[in-house]
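No value in this document is a laboratory result; all are computed from the given coordinates. Keep in mind it's a predicted model, so treat the numbers as computed, not measured. Using ideal geometry, Cβ is built from the backbone for each residue, glycine included, and neighbour counts are taken over all protein chains shown.
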Amino acid sequence: MENNQIKDISLDKYISNVTIDNPINVDICQKLKNTTNARICIGRAATRFKTETLLRFRADHAVAIDSVWSYVDESVFDEFNFLKVQTLVKSKEEYITRPDYGRIFSEETINYIKNNCIHNPDVQIIAADGLSSHAITANIQDIYPIIVDSLENIGLKVGTPIFVKYGRVATMDKISEALNAKITVLFVGERPGLATGESMSSYMAYESSTKKPESQRTVVSNIHRKGTPPVEAGAQIIHLIKLMLKEKKSGVDLKI
């Protein structure tokens, strides 16, 4: 802080910003901070956070709230010709308060999917907004083409990509059953924390079904530029898809 002015925390590389007063070894503090997103080496003002730390906390909290309550920029799907559908949820408020509706499609929507999508794909790809719309907007354009190109290069039949508005993880089971997919891959925004609002997960299942337990799913999580980058996550997902097709299983039954 200079001239009694608070620094613009949006411009700081806050992960390496040590705010302890007179640290014994600032280099060690910075190395520690570079290994984690946790709020360490921040110092105190008596029993309270320092002003800069508190403002950073509130800013991160605001990012998390915005990510939950905002909407996916659906134009990101247009260049990839995603089919767009919606669950029984009618509003963001209902999505938050009625998670069960976010797992269900109307009969008309299921018929629409059946009539407009490729049947019997080797791999069916789905994106759902989930609890972090920013995660889908930030990552899907990087990871989707990598996966499709890799799948086509090894001769696998890729289904019609689908975007599910107000979607929860279990929507992958309904779509898999409707299209008779061998493997279903769902990208969904993770519940945001105070480290990032752009973290996405990929849930995968072999012959995904409403009759199977949650343990049928294999997950790659923490996909974002400061976690597992989309390119690296894409390589992991392709490896897992090959393994699932070979072993004809997923989730806890798949030995990685």
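Using a 10 Å cut-off on Cβ atoms, rank the peptides 200-206, 141-147, 247-253, 183-189 from the highest mean neighbour count down. Walk me through the numbers before you get to the answer.
Numbers: 200-206: 24.7, 141-147: 18.0, 247-253: 15.6, 183-189: 26.7.
Result, highest mean Cβ count within 10 Å first: 183-189, 200-206, 141-147, 247-253.
The listed peptides 160-169, 223-232, 209-218, ordered by packing as a protection proxy, come out as 160-169, 223-232, 209-218 (highest mean of other Cβ atoms within 10 Å first). Near Gly227: Cβ cut-off under 12 Å, other residues only, Lys/Arg at +1 and Asp/Glu at -1. The net charge is -1.
Amide H to amide H distances under 5 Å link Asp129 with Val164, Tyr166, Gly167, where only residues 5 or more positions off or on other chains count and H is placed in the peptide plane. Using the Cβ of Tyr112 as centre and a radius below 14 Å, the other residues enclosed give a net charge of +2, where K and R count +1 and D and E count -1. Model label points for Lys50 and Gln236, set 7 angstrom from Cα along the Cα-to-Cβ axis, are 3.4 nm apart.
Which of these, Asn25, Asn81, Asn180, has the largest mean-square fluctuation under a Gaussian network model of the chain (Cα springs below 10 Å)? Comparing Asn25, Asn81, Asn180 in the GNM, the peak value goes to Asn25.
Between Asn180 and Asp142, the simple label model (points 7 Å from Cα in the Cβ direction) yields a spacing of 3.8 nm. Of the residues Ile241, Ile126, Ile20, the one that moves most in a GNM of the chain with alpha-carbon contacts below 10 Å is Ile20. Multiplying the residue separation of Val26 and Ala59 by 0.36 nm and removing their Cα-Cα distance gives an extension gain of 9.4 nm.
If we count every other residue with Cβ under 15 angstrom of Ser199's Cβ, Lys/Arg +1 and Asp/Glu -1, where does the sum land? Don't skip to the end; give the middle numbers.
Working: positive: Arg191, Arg225, Lys226; negative: Asp60, Asp66, Asp129, Asp142, Glu190, Glu198, Glu232.
Here the charged neighbours net out to -4.
Work out the length of the dipole vector of region 14-68 about its Cα centre, built from +1 on the beta-carbon of each Lys and Arg and -1 on the beta-carbon of each Asp and Glu, and round it to the nearest 20 debye. Could the numbers behind the result be given before it?
Working: 8 positive and 5 negative charges, 29 e Å.
For region 14-68, the charge dipole is close to 140 debye.
Quick one: if you stick a label point 7 Å off each Cα along the C-beta vector at Asp66 and Asp149, how many nm between them? My value for the distance between the label points is 3.1 nm.
Considering only Val63, Cys117, Ile162, and ranking their Cα positions along the charge dipole of the chain that arises from unit charges at the beta-carbon of Lys, Arg, Asp and Glu, the one farthest toward the positive end is Val63. Gain on full extension, evaluated as 0.36 nm per residue between Asp122 and Thr36 minus their Cα-Cα distance, stands at 27.1 nm. Placing a label point 7 Å from the Cα of Ile96 along the Cα-to-Cβ line, the residues of region 138-171 whose backbone N sits under 19 Å from it are 165-169.
For the chain, Cys117 stand unpaired, since no other cysteine beta carbon lies under 4.7 Å from theirs.
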